[in-house]
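Inspection log for the structure reproduced underneath, given as structure tokens.
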Amino acid sequence: MLIIYKFISKILQFILNILFVIQITLMVLVFLTATYWFLHLINCSAFDFVAPIADFISNIVKNFYHQEVEMGGVYIDASLLLFDLIATAFVYMITKSKFYFHRAFEFINDCINSCEEKIEAKFNKSLQKEVEKNIKKCNNVAVLIQLNAKNMMVDSCWGGDVEAGVKEKQEEAFKTFYASIKNITGCKFAKTGDKMLIMLNDFEKVDNLLHFIDISINRIRSNMKKKRWLLISYISIDVFDDNTNFKDDVYPLLEKLLTLKIQNEAVCLGNFCMRYELYPEPMYTPFLRGTYNLAGECDVWSLVKKN
């Protein structure tokens, strides 16, 4: 339909251009012939250069209608006057017809705009689907967790060894944590030092994983608090596809996110947020933390659990 509307628009524009040329031509002829006819009546030769055109027009008019006008006993050829009257009427009709042509143009342009909007919407929808398809290829999830323990009975005022028992408490926390989440399907676990890496090969289960991580850490934190120990967690999360080199591209970025020391919340980058936006009924809301220099300037987001 868009091609048809544009074709009709071109035809209308072509007709309008022709009418404009005809209108200008008639107006010029009316001016010349009327002036020539009037000056000829008073025997003025100022417009005699128009005589060939006037004679040609007069002969054409006489082929259809020939009438002389009597003025003071003198008969005057009225063919030019008749032509001027008819031409003036045509100019007036063309002027009026332009209004309807412009209305038709408005209608056609509205139809063209409507078709273009539909085509653009269809294209954008197709493009959005393609983008979502590419984003959904990032189906693998990596979560890096660091747990730090602190003795609440030791401070600068009361003294005591800050490092005493810390490693043991952290190991105990990791063992308890692993025992509570090890049965989550689709996950692989690896521990290095004071960090634990969790790999998930199905993004659709990411909320379930984050939920169990929250529950487990909060339970451990609550139990340690009763013994006057504070448990601080640092969590970073990212997504990647099967073609991404995890060791060189993903894991270093997870470690850099942990260095921001954002406590007790999972932090991520924009690529995870884009993938998470396609998640049906998410349990968490991405909250922008700020822009940090990690792998260049990056926006960092926290995942805040919905109430």
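The values are calculated or read from the model by the stated rules, or taken from the named source; none is laboratory data. Predicted, not measured: the structure shown is a model, and the values here were computed from it. Every residue, glycine as well, gets a Cβ built from its backbone with ideal geometry; the counts of neighbours run over all protein chains shown. All accessible areas refer to the heavy atoms of the entire protein, side chains included, with ligands and DNA or RNA removed. Shrake-Rupley method; radii C 1.70, N 1.55, O 1.52, S 1.80 Å.
Annotations
- Partners for Lys256 among aspartates and glutamates (Cα-Cα distance below 14 Å; same-chain residues under 8 apart left out): Asp238, Asp248, Glu297, Asp299
- Here the accessible area is traced with a 1.4 Å probe on the protein chains. For the chain, carbon and sulfur cover 60 percent of it.
- Above-threshold pairs, the threshold being 28 Å between Cα atoms, out of Lys118/Lys306; Lys129/Lys205; Lys129/Lys182; Lys137/Lys169; Lys136/Lys167; Lys205/Lys227: Lys118/Lys306; Lys129/Lys182; Lys137/Lys169; Lys136/Lys167; Lys205/Lys227
- Solvent-accessible area per residue in the range 1-154 equals 69 Å², computed with a 1.4 angstrom probe and all protein chains kept.
- Sites matching chymotrypsin sites (Phe, Trp or Tyr not before Pro) across the range 141-247 that sit in DSSP coil, with at most 10 neighbouring C-beta atoms within 10 Å: Trp158
- Estimated distance in nm for a label pair at Phe105 and Lys122, the labels positioned 7 Å out from Cα along Cα-to-Cβ: 2.8
- Within straight-line cross-link reach of Lys98, aspartates and glutamates at Cα separation under 17 Å, skipping those fewer than 8 residues along the same chain: Glu106
- Candidate aspartates and glutamates - alpha carbon under 12 Å from Lys191, same-chain residues fewer than 8 apart omitted: Glu171
- For Asn223 and Phe14, the difference between the fully extended length at 0.36 nm per residue and the C-alpha to C-alpha distance is 66.7 nm.
- Loop trypsin sites (Lys or Arg not before Pro), the range 254-307, which have at most 13 other Cβ atoms in a 10 Å radius of their Cβ (DSSP): Lys261, Lys306
- Heavy-atom accessible area order for Glu132, Glu163, Glu106, largest first, 1.4 Å probe: Glu163, Glu106, Glu132
- DSSP H segments from the chain that extend 15 Å or more along their own axis, Cα-based, with Kyte-Doolittle mean of -0.5 or above: 2-41, 51-64, 79-135, 206-226
- By DSSP, the beta bridges lying fully in the chain are antiparallel in about 95 percent of cases.
- Taking a ≥ b ≥ c as the square roots of the eigenvalues of the alpha carbon gyration tensor, the range 217-307 is prolate, as a/c is not under 1.5 and a/b beats b/c.
- Looking at the range 241-285, none of the GluC sites (Glu not before Pro) sits in a DSSP loop with at most 14 other Cβ atoms within 10 Å of its own Cβ.
- Backbone phi angles across the range 190-197, fed through the Karplus curve with coefficients 6.51, -1.76 and 1.60 (θ = phi - 60°), yield HN-Hα couplings of 8, 10, 9, x, 9, 10, 10, 9 Hz in residue order; Gly and Pro are listed as x.
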